[in-house]
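Just below is one structure, and these are the notes that go with it.
Please treat every number below as a calculation from the coordinates, not as lab data. Bear in mind that the values here come from a model prediction, so they are computed numbers and not experimental data. Virtual Cβ from ideal backbone geometry, glycine too; neighbours counted across all protein chains shown.
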Amino acid sequence: MSQSTLSPGVTPVSFGGAFANDESERARFVSAQRRLAWRKRLLPVVAIAGLIALWGAVVAIFDVQPFIAPSPWAVASVLVEKADILLANLVPTATEALLGFLLGNLVAIVIATAFVYSKAAEEAFFPVAVMINTIPVVAKAPILVLLLGNGMEPKIAIAALICFFPTLVNMTRGLRDVNPQALELMKVLSASPREIFWKLRVRNSLPYLFSALKIAASMSVIGAIVGEWIGSTSGIGALIIQATYNFDSPLLYATIVVGSTFSAVFFSVISMLERRLLKWNTARAN
Amino acid sequence: MLNTMSFSAQIPLSLAASAVPAVECQGVTVRFTTERGTVTALENIDLTVPQGSFLSLLGPSGCGKSTLLRVVADLIAPTSGIVRVNGEAPEVARQNREIGFVFQDAALLPWRTALENVLLPLEVGGGARRSNNRDPRELLALVGLSGWEDAYPHELSGGMRQRVSIARALVSGPKLLLMDEPFGALDEITRDRLNEELLQVWESTGTTILFVTHSIYEAAFLGQEVLLLAARPGRVRELVDVNLPSPRRLPQRETAEFVELAGHLRRVLETC
């Protein structure tokens, strides 16, 4: 009756003496878990370092011209020397990505809520959302630049559009796929529609929402960069175009590193938030 | 865990003495329309459940026993017929928190700890204002889960989850407890133990219990009466009086009386 499997990372709760106090066995288990955790952290670092070394070796052995592909060291030195330019260009891109992320997800959440309460709204507008989603980003960009001008607005709009769809689909599902018996329970308890929404549907949708947000985090950066390809003078996207035209491949690669690092940090922040807010779910998934 | 089952019952005397039945059904019929046509889930059910009694609802699948429970809980409106819970319409009884419901899969909210799940009825539907509310920690102790208040459902076994859901159903102090195959998914040993513990909860709270099951032994062991339902359409086949001494304990299932009773139920069930 009192057996329960505790996965690592679960906060220990008082289990009323359900577990035997075998200290040495427990210590062995904990150290094994710690080893696994370190392996999980170290292996990707080793793999990335290995790939960079391989890249450097290929460039050196085959004597690749710097404008075709730079050596990792050339890229590293540009990262240091031109750090100010790179960071100055990251600021607009990051702003656009973050604002687009917020806007796109917010609108998606609102529309998903409308879909859950009105089947007619979903039947009318979901196909429209699918159609907009089928337009490639590179095709959306010029349209939005024409519509919204040459400032930050079209980039924010592109980032928002790119985030919108995954969140709409996931959020609709998360709000709707509630355990039917939990819904019956709420009815037996005479819960109001507002209580059912906040205490059941919203809580139920959070794991779905975070899956979408993790996709959206990196997608929004891509959206902002693609938006900057068209007639922009600043931003990671503009820098990419500029470096390409000047055959300045070390700068091109350095720009990509900066953009990707930002994406990765953004993704990690969302993952961290998910772990913190959805402890019950991450523990269950393990 | 069995020894934790001590607490003083708080049964309103007026209720125990009252002649108003806990549940009354007159000619209850439920029909569903599906793509394949109209299905009669329940046909002309007449039923009177006295206050404080324990009634088992037994029948083959498709006999509408879960539907009957949902009609009483105001989750399904009957197509025709009258239903009364404590002399009131089921809707009124539901709004007054006179009904507790225990679902087949426990239906705990996975993001809430055991204690938070038990607290849910007090947080919604104006549940905090009720005077019959009971102490959630005390109820968790009653179902043998002291020390597990902060555990999440995924950390609990199936039997423990169902104990939490029983505590949750009792937290508003309902006069009527509806249980829809609550132990159906549990292993036999856990089920036996929970059966015995449920009887102790019933004895200590004085709540009327309607218990849906498809286990003959469970129905006979728990109920003061067993209502046998036949399928397609769901209708009352027989109301069997269970004459077993109380308090009931598991070894009683080996007595000649019990074996005979179970045999009778099985024979009737085979013709349902």
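Note on the range B:10-168: Rg/Rh from C-alpha atoms, Kirkwood Rh, equals 1.00.
Counting only alpha carbon atoms, the long axis of helix A:119-134 and the longest principal axis of chain A meet at about 30°. Across the range B:35-51, computed HN-Hα scalar couplings (Karplus, 6.51 cos²θ - 1.76 cosθ + 1.60, θ = phi - 60°) run 4, 8, x, 8, 10, 8, 7, 9, 10, 6, 7, 10, 7, 10, 10, x, 4 Hz from first to last residue, x flagging Gly and Pro. Rounded, prolate or oblate: pick one for the range B:130-272, where a ≥ b ≥ c are the square roots of the eigenvalues of its C-alpha gyration tensor, a/c under 1.5 means rounded, and failing that, prolate if a/b is larger than b/c, else oblate. Verdict is prolate for the range B:130-272. Residues B:31, B:267 in ascending order of nearby Cβ atoms (within 10 Å, fewest first): B:267, B:31. Taking Cα atoms only, the orientation of helix A:153-176 departs from the longest principal axis of chain A by about 20 degrees. Looking at chain A as a GNM with Cα springs under 10 Å, which of A:209, A:146, A:98 has the largest mean-square fluctuation? Result: A:146 has the largest fluctuation of those listed. Proximity of backbone amide H atoms, modeled 1.01 Å from N, is registered between residue B:237 and B:228, B:229, B:230 at under 5 Å, excluding neighbours fewer than 5 places apart on the same chain.
The angle separating the long axis of helix A:249-277 from the principal Cα axis of greatest extent in chain A is about 10 degrees. Take the alpha carbon gyration tensor of the range A:136-241, find the square roots of its eigenvalues, order them as a ≥ b ≥ c, and report rounded if a/c is under 1.5; if not, report prolate when a/b exceeds b/c, else oblate. Taking the square roots of the gyration eigenvalues as a ≥ b ≥ c, the range A:136-241 is prolate. In straight-distance terms, cross-link reach from residue B:65 covers every one of the aspartates and glutamates whose alpha-carbon lies under 16 Å from its own, apart from those fewer than eight places away in the same chain; here that gives B:24, B:43, B:46, B:74, B:180, B:181, B:218, B:225, B:238.
Put simply, the C-alpha atoms of the protein assembly as shown give a gyration tensor, and the ellipsoid matching it has half-axes of 61, 29, 19 Å, longest first.
Each Lys and Arg adds +1 at its Cβ and each Asp and Glu adds -1 at its Cβ; summed about the Cα centre, the range A:19-63 shows a dipole of about 140 debye. Per residue of B:151-158, other chain Cβ atoms within 10 Å of the residue Cβ number 6 on average.
Listed by chain and number, the lysines whose C-alpha is less than 26 Å from the C-alpha of residue A:140, apart from same-chain residues fewer than 8 away, are A:155, A:214.
Relative to the globular-protein estimate of 2.2 N^0.38 Å, the Cα radius of gyration of chain A stands at 1.29.
Of the options B:230, A:30, A:85, report the single residue whose Cα projects farthest towards the positive end of the charge dipole of the protein assembly as shown (beta-carbon charges: Lys, Arg +1; Asp, Glu -1). The residue sitting most towards the positive pole is A:85. If R0 is 60 Å, the Cβ-Cβ spacing of residue A:52 and residue A:25 corresponds to a FRET efficiency of close to 0.90. Enumerate the lysines that residue A:199 could reach by cross-link, defined here as Cα to Cα under 21 Å, with residues fewer than 8 away along the same chain left out. Excluding near neighbours in sequence, the set is A:187, A:279. Computed over every Cα-Cα pair of the range B:43-90 and binned at 5 Å starting from 0, the pair-distance distribution P(r) comes out as 5, 18, 30, 30, 14, 4, 0 percent. Here the relative contact order of chain A, from alpha carbon pairs under 8 Å that lie six or more residues apart, stands at 24 percent.
If you run the Gaussian network model on chain B, springs between alpha carbon atoms under 10 Å, then out of B:128, B:141, B:73 the most flexible one is B:128. Per residue of peptide A:188-197, the mean number of Cβ atoms on other chains within 10 Å of the residue Cβ is 6.
For chain A, modelled as a GNM whose springs connect Cα atoms under 10 angstrom apart, the maximal fluctuation among A:273, A:175, A:213 occurs at A:273. Per residue of A:175-182, other chain Cβ atoms within 10 Å of the residue Cβ number 3 on average.
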